[in-house]
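Working notes for the structure below.
The values are calculated or read from the model by the stated rules, or taken from the named source; none is laboratory data. Every value quoted in this text rests on a predicted model; they were computed, and no experiment measured them. Don't worry about glycine lacking a Cβ; one is built from the backbone with ideal geometry, like all the others, and counts go over all protein chains shown. Calculation scope for accessible area: heavy atoms of the full protein, side chains included, ligands and nucleic acids excluded. Shrake-Rupley method; radii C 1.70, N 1.55, O 1.52, S 1.80 Å.
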Amino acid sequence: MSLEFDLETQDTPFIDRLDEEARDAIHEASMYIIEELGIQVKHDEAVEYFEEAGATVEDEYLVTADRSLIEENVETAPESFTLHARNPDNNLEIGGEDTFRAPGYGAPNVRTFEDGRRSSTTDDYELFMKLAQQEDVINSTGYNVAEPTDIDQEVKHLEMVKRSLEFTDMPVMVSTYGQDRTDANLEMIGMVMDDPELSKTYAAGLVNTVPPRTLDSAMTGGLVGLAKEGQAPVVSSFIQAGASGPGTMAGAVALANAENLMGITLAQLINPGNPVVYGVPASNLDMRYGSLSIGSAESALFANFAGTMGRYYGVPSRGGGGLTDSKTVDYQAGFESMLVNAAAEFSGVDFVLHSAGIIESYSTISPEKFVLDAEALRFLDRFQEGYKIDEEMLALDIVEKIDPDDHFLGESHTLKFAGEDFLIPELVDKRSHGDWRGDGEKTAFEMGHDRVEELVDSYSKPELDEDVQEELDAFVKEESARIMDEA
C-alpha cells in the first residue's frame, strides 16, 4: 500500500482560561488600580522616572499614572529576547521557541534521602549547580538555588553567582536585592563573558513586588540596575490570595497585573525596549491553617493566567514550576509538582523558576526531588513533541505480515523505531515486580538518591580561562572585604 503524505501531529494549543472579554476586564480593573488607587514605589530614582514621564507622586511614594503612560511603555517591551550563556550553544530565546527552566529558588533548607532536613550550605549550592549542568531539561543556573547559611548574608550574592559561573556554562540569574548587589553581579558576568560593557543580555533577575500595591526599595533598586545595563528583570507579583491579595482569583489577578505593569513600565522608562518578563508566581492561602499553598489547583490557574496575559501584552511570561507543599519526596510532591509544571507548559509560559527540587512551600529543596522533577519534565517534553505520520511509521505492511495472536517483538521495524519513537525513562521504574523486589524494593526517593550520585560522579566542570578565574576570584575577595568593612 502506498500513502502519499508526511505529517506531524499538531502543536499543543495553549490553554487560555480567559477569553478576550475576560482579559480586557482584567486589564480595565488593573488600570483603575493604577490610575485611581496608585502603586507605592519606594525608590527615589524610580519615582523620578515616573514623575518625568507625567505620573503623579503623592506622600509615601504613592504613584498614580494615566493608562496611556502604562500602555505605551508596555508596548515598547520586546516580545522575545536572547539570554546569552558563556557557552553560546546554551543561549536561550526567551519568548521564542525556548522555555527557560531553572531549579528551585530561595530555599534555606535541604532535605536528602540520607540526612533528612537541615540548613543548606555552600556545598549544597555547588551540588545543585552540578545537577543543573547535568540534567538536559534544566537550562539555567537560576539564583539562590539553595540559600547557603554558612556564608555571611551580606556577601552571599557574590559567592553564589561566582559558583553559577564556575560550575555551569548556562545562562545565569543575579541578585536583585538592592542595586549595589545587582551591579556587582553584573560586573562579574562582564568579566566571564569578556564583555565589561554588557553589550548583550546575559542575566535575568527576579524582581518581586510586595503586595498589596508596593514596589519596595531593594527590589526596585535591582530592577533599576538591570534595566540600566540592558539586562532582564523578571517582574513578578507574588500575591497570596486571601492574605496579601483579595480572597478571589479575579481580584488577586487584577492586583497582580497592576503591580506587574507598573514594574514593566519602569523598566521601559529607564531603557526603552529593555527585555522584561511578566511574572505571576501567585498562590492562595489555605484558609484552614493560614498557610501558603503553592501546590494547589489555584497555583496552576495563576500559571495559566501568566501565560495568557503575557501573550495579551506581547511580552514573555513567567509562572509555574515543580511546586508542592509536601514536606518530603512523596506522592503529594509528585502530583502537585506535575500539575503546576504541566499548567505552565500547556499555558505557554516562557520562563519557569522552581522547575525542579522544591518541597515544603519554597522553604526546602531536595536533590532527589530535583532529578525526579527533571524526569517529569522529560515526560512533558515527549508529549509536546508529538509523533510523525507517514507510510513507514504507519507500518501497514508489518501489520499485514503479522497474524492475529502473534506479536511484533522480533520485527526489524520494531527494533529500528521503538527505541527512537518511545521515551525511555532515565529514572522511573518500569520493571516487573520480581525485578523491583530483587533490587531492594526501592522507592522513588531512593532511586532519586541513586540518580543524584550518578550525575555527580559523571560531572565535569566546564572549562573557564585561568586568567578569568583569577580575576573573578580577586573581585569576589576584594568586594567581600569592602562590604564586611562597611558592615
- [ ] Check every one of the helices (runs of 4 or more DSSP H) wholly within region 335-414 and list those with 1 or more residues that are in contact with a His (Cβ under 6 Å, 6 or more places away or on another chain) and without any contact (Cβ under 8 Å) to a residue 40 or more places away in the chain.
- [x] 396-401
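Condition check ((1) under 22 Å from residue 342 (Cα atoms); (2) of a type in the set (Asp, Glu); (3) touching a Lys or Arg at 6+ places or on another chain (Cβ under 6 Å)) across all residues:
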residue: 376; (1), (2), (3): yes, no, no
residue: 390; (1), (2), (3): no, yes, no
residue: 393; (1), (2), (3): no, no, no
residue: 408; (1), (2), (3): no, no, no
residue: 422; (1), (2), (3): yes, no, no
residue: 428; (1), (2), (3): yes, no, no
residue: 433; (1), (2), (3): no, no, no
Task: Lone unmet requirement of (1) out of contact with any Asp or Glu (no Cβ under 9 Å at 6 or more places or on another chain); (2) open to solvent by 60 Å² or more (accessible area, probe 1.4 Å); (3) aromatic (Phe, Trp, Tyr) for residue 383 - done: (1)
- [ ] Only residues that are in a helix (DSSP H, G or I) and of a type in the set (Phe, Trp, Tyr): list them for region 75-133, please.
- [x] 125, 128
Open item on the list: Kindly evaluate residue 410 against the criterion of being farther than 25 Å from residue 111 by Cα, out of contact with any Ser or Thr (no Cβ under 6 Å at 6 or more places or on another chain) and modelled with pLDDT under 95.
Closed with: yes
Open item on the list: The conditions are (1) at pLDDT 95 or above; (2) open to solvent by 30 Å² or more (accessible area, probe 1.4 Å), and residue 60 fails exactly one of them. Which is it?
Closed with: (1)
Open item on the list: Residues to consider are 77, 85, 132; find the one that is touching a helix residue (DSSP H, G or I) at 6+ places or on another chain (Cβ under 7 Å) and among the small types (Gly, Ala, Ser).
Closed with: 77
Task: One residue from 65, 102, 25 being of a type in the set (Gly, Ala, Ser) and in contact with a helix residue (DSSP H, G or I) (Cβ under 6 Å, 6 or more places away or on another chain) - done: 65
Open item on the list: Among the residues of region 157-169, what is the count of those that are part of a helix (DSSP H, G or I) and either more than 12 Å from residue 479 (Cβ to Cβ) or free of Cβ contacts under 8 Å to residues at least 12 places away in the same chain (or both)?
Closed with: 6
Open item on the list: Give me the strands (runs of 3 or more DSSP E) completely within region 233-317, filtered to those with at least 1 residues that are crowded, with 24+ Cβ neighbours inside 10 Å, ordered by residue number.
Closed with: 277-279, 283-286
- [ ] Have a look at 206, 198 and point out the one that is outside any helix (DSSP H, G or I), within 17 Å of the chain's Cα centre (by Cα) and at pLDDT 95 or above.
- [x] 206
Open item on the list: Go through (1) touching a residue at least 60 places away in the same chain (Cβ under 8 Å); (2) aliphatic (A, V, I, L, M); (3) open to solvent by 10 Å² or more (accessible area, probe 1.4 Å) for residue 188 and report which single condition fails.
Closed with: (3)
TODO: Please tell me if residue 68 is of a type in the set (Gly, Ala, Ser), open to solvent by 10 Å² or more (accessible area, probe 1.4 Å) and either closer than 17 Å to residue 205 by Cβ or free of Cβ contacts under 8 Å to residues at least 24 places away in the same chain (or both).
DONE: yes
- [ ] Filter region 415-445 down to the residues that are in a helix (DSSP H, G or I) and touching a helix residue (DSSP H, G or I) at 6+ places or on another chain (Cβ under 8 Å), then identify the one that is farthest from residue 385 (Cα to Cα).
- [x] 445
Open item on the list: Given the condition free of Cβ contacts under 8 Å to residues at least 24 places away in the same chain, open to solvent by 40 Å² or more (accessible area, probe 1.4 Å) and basic (Lys, Arg), answer yes or no: does some residue in region 107-127 qualify?
Closed with: yes
